[in-house]
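K.L.:
Have a look at this one.
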Amino acid sequence: MSTSPSIETLRDLDRQYHLHPFTNHLDMHQPGTHLIKAGDGCHLIDENDRRLLDGLAGLWCVNVGYNCVAIVKAVEAQMTKLPYYPSFFNTTTEPPIRVAEFLAKKAPARVNRTVFSNSGSEANETALKLIRSYHKLRGQTEKKKILSRTFSYHGVTLATSSMTGLPTVYEPFDLPLPGFIHVPGPHPYGYNSPMDAEAFGRWCLAETARVIREEGPETIAAMFVEPIQGAGGVIPPPPGYLLELRELLRKNDILFVADEVITAFGRVGDWFASTLWNLDPDIITLAKGITSGYLPLGATMVSDEMAETVFKGGYFAHGFTYSGHPTSAAAALANLETIENLGLVERVRDDVGPYFQKKLHAFAEHPAVGEIRGHMLIGAIELLPKGGRQAITPTTSLGIPAAAHIRNEGSIVRGIRNLIAVAPPLIITHAEIDELFASIARGLEKLWD
Ligand SMILES: Cc1ncc(COP(=O)(O)O)c(C=O)c1O
């Protein structure tokens with residue numbers, strides 16, 4: 001057996017051959033990449049055999065932690081029996097059928113059918129095509145524009161980057177494409193608004209209603225909404241906002257898409273934010289926690305009315321070679337059954353979610369903290385420079401250095417603009433939550449050094 005190359009050799013090869021996602025390569029190449037070797041529950045083992053607590057569950061996805069034997073066994077069994085066969089042209093395999101059934105039983109009553117893909121971006125891209133097809137089949141050929149919100153994240157294809165409400169994601173590619181319209185996301189802190197969250201939410205609704213009127217509701221096909229905006233900075237909805245938004249869209253015959261790529265499968269203390277907050281979506285898009293990241297899988301769930309309209313349209317000319325990949329679906333099924341059997345959703349709701357929020361909110365009075373946001377097992381800490389809020393300029397970026405200090409102190413969190421985001425695996429214990437926040441506290445002590 002060949003011996004593994006040294007860390008330095010791997011770093012050199014990485015510099016020479018590997019383009020990373022969402023990375024400034026010039027910054028990274030100097031020190032070299034950070035190699036992660038193994039996982040163990042909520043911890044990772046890095047190149048130096050250091051144990052790091054993973055406060056971001058990989059990328060908001062490793063809900064069951066890193067050593068779920070049930071998933072590994074299910075994948076091995078499926079790989080041995082039938083590693084791959086497509087679901088094209090009237091065939092399929094057992095695992096995607098069973099995952100689709102599991103999802104339908106947990107999802108809101110009107111949403112029962114699933115189109116599979118390989119990622120959150122593909123799940124949203126698939127939703128966009130279903131929406132266009134649905135309106136066309138109903139004779140509403142003008143309904144093509146798509147609404148989404150500032151600070152939203154919906155993916156990286158041309159269309160889903162266009163929906164994403166973060167200039168860092170769309171500007172380098174001269175996006176958004178025509179027909180993608182951003183309305184304000186309910187983030188008063190991000191807008192530097194003096195309004196409280198509820199009042200700001202009402203202003204966002206009024207702005208959204210104004211944009212709908214100006215554009216013409218007959219031209220707007222759908223709005224994509226993350227119930228809690230994740231990568232844009234962990235922005236929970238203000239009280240009343242989501243249900244009013246839902247009604248506004250219904251009144252204007254605009255489809256409501258809940259992008260639950262982060263919020264589904266337990267993190268918010270329910271299987272879906274849509275069930276938790278009675279959102280009655282027409283479409284739910286899923287990925288990440290559906291397999292706890294063990295294998296790639298995306299899913300687009302649609303309402304019965306949409307599915308039946310698409311059926312009547314005849315041949316459905318959409319799908320990826322790996323839509324409903326049997327091994328990814330076997331991983332999903334084992335993962336979903338693990339979440340159910342371990343009672344992880346209830347555990348987040350009744351135990352670790354409230355404990356996590358208590359520890360998170362304990363930072364509210366910290367001198368380097370401007371705001372705390374979160375819900376159950378997802379949270380953000382807005383950071384301040386020494387001079388306070390008024391010293392923040394457009395180039396202030398405290399999230400990345402804070403995350404680096406916290407990593408040095410033993411935990412992984414994500415730095416975004418001037419905040420850190422935290423979303424650990426759902427199996428996290430109280431002791432591990434204490435460990436995570438102790439690293440954050442030590443890291444923040446270094447922020448102003
Ligand atoms: C809410 C949301 N939607 C879509 C995506 C895109 O998913 P993927 O990276 O799997 O394409 C993400 C990824 O972070 C996400 O957070």
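K.L.:
Which value, in debye to the nearest 20, describes the size of the charge dipole of the stretch 70-341 about its Cα centre when Lys and Arg Cβ atoms bear +1, Asp and Glu Cβ atoms bear -1, and nothing else is charged? Provide the component values of the computation, followed by the final result.
P.N.:
Working: 24 positive and 28 negative charges, 92 e Å.
Computed about the Cα centre, the dipole is about 440 debye.
K.L.:
Assign one of three labels to the stretch 278-427, namely rounded, prolate or oblate, based on the Cα gyration tensor with a ≥ b ≥ c the square roots of its eigenvalues; rounded applies when a/c is under 1.5, prolate when it is not and a/b is larger than b/c, and oblate otherwise. Please list the in-between numbers first.
P.N.:
Details: a/c = 2.34, a/b = 1.91, b/c = 1.23.
Prolate shape, in that a/c is at least 1.5 and a/b is the bigger ratio.
K.L.:
Could you check which residue among 411, 87, 161 shows the biggest mean-square fluctuation in a GNM of the chain with a 10 Å Cα cutoff?
P.N.:
Top of the fluctuation ranking is 87.
K.L.:
With a ≥ b ≥ c the root eigenvalues of the C-alpha gyration tensor of the stretch 338-449, is it rounded (a/c under 1.5), prolate (a/b larger than b/c) or oblate? Please list the in-between numbers first.
P.N.:
Numbers: a/c = 2.36, a/b = 2.07, b/c = 1.14.
Taking the square roots of the gyration eigenvalues as a ≥ b ≥ c, the stretch 338-449 is prolate.
K.L.:
Exposed loop sites here are GluC sites (Glu not before Pro) in DSSP loop states with at most 16 other C-beta atoms within 10 Å. What is the longest stretch of the chain lacking them?
P.N.:
Of all site-free stretches, the longest is 143-364.
K.L.:
Restricting to Cα pairs below 8 Å that are 6+ residues apart, what does the relative contact order work out to for the chain? Please round to a whole percent. Each step should come with its number before you reach the end.
P.N.:
Values: 877 pairs, mean separation 91.8, N = 449.
The normalised contact order for the chain reaches 20 percent.
K.L.:
Do you know the relative contact order of the stretch 209-341, to the nearest whole percent, from alpha carbon pairs under 8 angstrom that are 6+ apart? Mind dumping the intermediate values first?
P.N.:
Working: 163 pairs, mean separation 24.8, N = 133.
Once divided by the residue count of the stretch 209-341, the mean separation gives 19 percent.
K.L.:
At 222 nm, what value in deg cm²/dmol follows for the chain if DSSP H runs of at least 4 each add -39500 (n - 2.57) and the sum is divided by all its residues, to the nearest 500?
P.N.:
Values: 17 runs with 174 residues, N = 449.
Taken over the chain, the calculation gives -11500 deg cm²/dmol.
K.L.:
Which whole-Hz ³J(HN,Hα) couplings does the stretch 331-340 yield from phi under the Karplus relation 6.51 cos²θ - 1.76 cosθ + 1.60, θ = phi - 60°, glycine and proline marked x?
P.N.:
4, 4, 4, 5, 5, 5, 5, 5, 4, 5
K.L.:
Next question. Using only Cα atoms, locate the centre of the stretch 185-231 and the centre of the stretch 1-77, then give the distance between them in Å, rounded to an integer.
P.N.:
Measuring centre to centre over Cα atoms gives 37 Å.
K.L.:
Could you run the Karplus curve 6.51 cos²θ - 1.76 cosθ + 1.60 with θ = phi - 60° over the stretch 191-197 and give me ³J(HN,Hα) per residue in whole Hz, x for Gly and Pro?
P.N.:
Working through the residues one at a time gives 8, 6, 8, x, 5, 7, 4 Hz.
K.L.:
Run the dipole for the stretch 28-184 about the Cα centre, Lys and Arg Cβ at +1, Asp and Glu Cβ at -1, nothing else charged, and hand back the magnitude in debye, nearest 20.
P.N.:
Details: 18 positive and 13 negative charges, 199 e Å.
For the stretch 28-184, the charge dipole is close to 960 debye.
K.L.:
Which residue, chosen from 309, 425, 90, occupies the Cα position most advanced towards the positive end of the dipole of the chain, where the dipole is computed from +1 (Lys, Arg) and -1 (Asp, Glu) charges on Cβ about the Cα centre?
P.N.:
309
K.L.:
Taking the Cα centroid of the stretch 146-165 and of the stretch 303-354, what is the distance between the two, rounded to the nearest whole Å?
P.N.:
A separation of 22 Å, based on Cα centres.
K.L.:
Rank 140, 390, 16 by mean-square fluctuation in a GNM of the chain with C-alpha springs under 10 angstrom and give only the top-ranked residue.
P.N.:
Largest GNM mean-square fluctuation: 16.
K.L.:
Lysine pairs, Cα distance under 20 Å, 8 or more residues apart or cross-chain: how many in the stretch 70-341?
P.N.:
Lysine pairs satisfying the spacing and distance rule in the stretch 70-341 number 16.
K.L.:
Among 263, 225, 6, which residue has its Cα positioned farthest towards the positive end of the charge dipole of the chain, with +1 placed on the Cβ of Lys and Arg, -1 on the Cβ of Asp and Glu, and the dipole taken about the Cα centre?
P.N.:
225
K.L.:
Antiparallel as a % of all DSSP beta bridges within the stretch 70-341, to the nearest 5?
P.N.:
Once the DSSP bridges in the stretch 70-341 are tallied, antiparallel ones form about 45 percent.
K.L.:
Another question about this same structure. Assuming a ≥ b ≥ c are the square roots of the Cα gyration tensor eigenvalues, decide whether the chain counts as rounded (a/c under 1.5), prolate (otherwise, with a/b larger than b/c) or oblate.
P.N.:
Taking the square roots of the gyration eigenvalues as a ≥ b ≥ c, the chain is oblate.
K.L.:
Still on this structure: Using per-residue counts of other Cβ atoms within 10 Å, averaged over each peptide, order 412-421, 174-183 from highest down.
P.N.:
By packing density, highest mean first, the sequence is 412-421, 174-183.
A short reminder: the numbers here are calculations on the coordinates, not readings from a lab. Every value quoted in this text rests on a predicted model; they were computed, and no experiment measured them. We place every Cβ from the backbone using ideal geometry, glycine too, and count neighbours over all the protein chains shown.
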